[in-house]
Amino acid sequence: MKRVWIVVALVLLLAVLGASGVVLHSRGTPAPLLASVTGRHQVRAPDGARIRVQVLNTTRTRGLARRATQLLRDRGFDVVEMGSVSPTMDTTLVLDLSGHPAWADAVAKVMAPAHIRARRDSSRYLDVTVLVGSSWRPPAQPLYP
């Protein structure tokens, strides 16, 4: 009878240790797992270029411009202004203000799904404006309790 209890205790101990190893392993790599699913991790601002971005929330969802700003800054873009505007839009729109379509394309890939339009404006200090639409979903943020 004692052997049965010892075997059961060992099996439970191994199960607990195995589960804790899986939890520790998954906590150590949340970003690559998430990035491989979303595909957004591959697009970054070009090295040596300062791309000045304005992010405007066109939805009724509070905090969406802040989340987009965090994402773009994590990818190396210089977000210099954020805010909210109306009217509401369904699709995210990236405006190329400086005549650099590659920069607008890089921002649009990070903010996918997004459309790109060229609207040159030499009087502004911005390179790209992002009008965040209601179809954009920010990537999940890891939970660190």
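Values quoted throughout were computed directly from the atomic coordinates according to the rules given, and no laboratory measurement underlies them. Note that the structure is a prediction, hence the values are computed from the model and not measured. Quick reminder, even Gly has a Cβ in these numbers, built from the backbone with ideal geometry, and neighbours come from all protein chains shown.
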Placed amide H near Ser84: partners under 5 Å, 5+ positions off or other chain: Asn57
Hz values of 3J(HN,Hα) by residue in segment 66-72 - Karplus curve (6.51, -1.76, 1.60), Gly and Pro given as x: 5, 5, 5, 4, 4, 5, 5
Karplus 3J(HN,Hα) series, Hz, for segment 98-113 with 6.51 cos²θ - 1.76 cosθ + 1.60 (x for Gly, Pro): 10, x, 10, x, 5, 5, 5, 5, 5, 5, 5, 5, 5, 9, 4, x
Summed side-chain charge close to Thr59 - residues other than Thr59 whose Cβ falls under 13 Å, Lys, Arg +1, Asp, Glu -1: +4
